[in-house]
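A.B. asks: Here it is: the structure, laid out below.
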Amino acid sequence: MQILKWFVGSCFMVVCVVFAISNRGEIVLQFWPFQQSLSTQVGIIILLPTFAAFLLGCVWMSVGKAVLWRRARNAEKRVERLQAALEEMEAPLIKDSTEIVHAAPEDGTAPKSNLATLPPR
């Protein structure tokens with residue numbers, strides 16, 4: 001995927017350079033309320049706003065990614081907290097289950113059940 005991005009970006013840069021070289025005609029820019037004028041090449045006048053829009057899009061995408069990264073980081077922290085709480089709750093249960101196994105009689109008979117002492121339903 002990274003190679004594809006570099007390839008597309010390189011092709012775009014080559015097209016931009018060829019466009020700027022091909023369109024070297026002079027153009028005069030003059031903004032109405034001001035008396036100043038700017039004389040420059042047509043290719044540059046077209047490529048500068050394109051480049052500015054590209055940079056604005058990159059900034060926009062970065063802001064969106066930052067929001068997603070923050071949500072992912074918060075989700076990872078929540079998962080860690082929930083896992084710690086689960087381990088804390090399971091610890092007594094595991095301890096009780098090991099005590100029940102160790103409490104079995106050593107003569108090989110099955111441990112006595114407490115089911116007989118429970119009241120019927």
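Values in this text are rule-based calculations from the coordinates and carry no lab data. Note that the structure is a prediction, hence the values are computed from the model and not measured. With ideal geometry, Cβ positions are generated from the backbone for all residues, glycine too; neighbour counts draw on all protein chains shown.
A.B. asks: Specify the residue that is farthest from the chain's Cα centre (by Cα); the eligible residues are those in segment 1-35 that are under 20 Å from residue 52 (Cβ atoms) and of a type in the set (Gly, Ala, Ser).
C.D. replies: This residue is 20.
A.B. asks: Hey, another quick one. Report, by residue number, each residue of segment 85-99 that is surrounded by 10 or more Cβ atoms within 10 Å (Cβ to Cβ) and either of a type in the set (A, V, I, L, M) or not in a helix (DSSP H, G or I) (or both).
C.D. replies: 85, 86, 91, 94
A.B. asks: Shifting gears a bit: Enumerate the pairs (first residue in segment 17-45 and polar (S, T, N, Q); second residue anywhere and loosely packed, with under 10 Cβ neighbours inside 10 Å) with beta-carbon separation below 8 Å, excluding pairs fewer than 6 apart on the same chain, so at least 6 apart or on different chains.
C.D. replies: 30/36; 30/37; 37/28; 39/26; 39/28; 40/26; 41/25; 41/26
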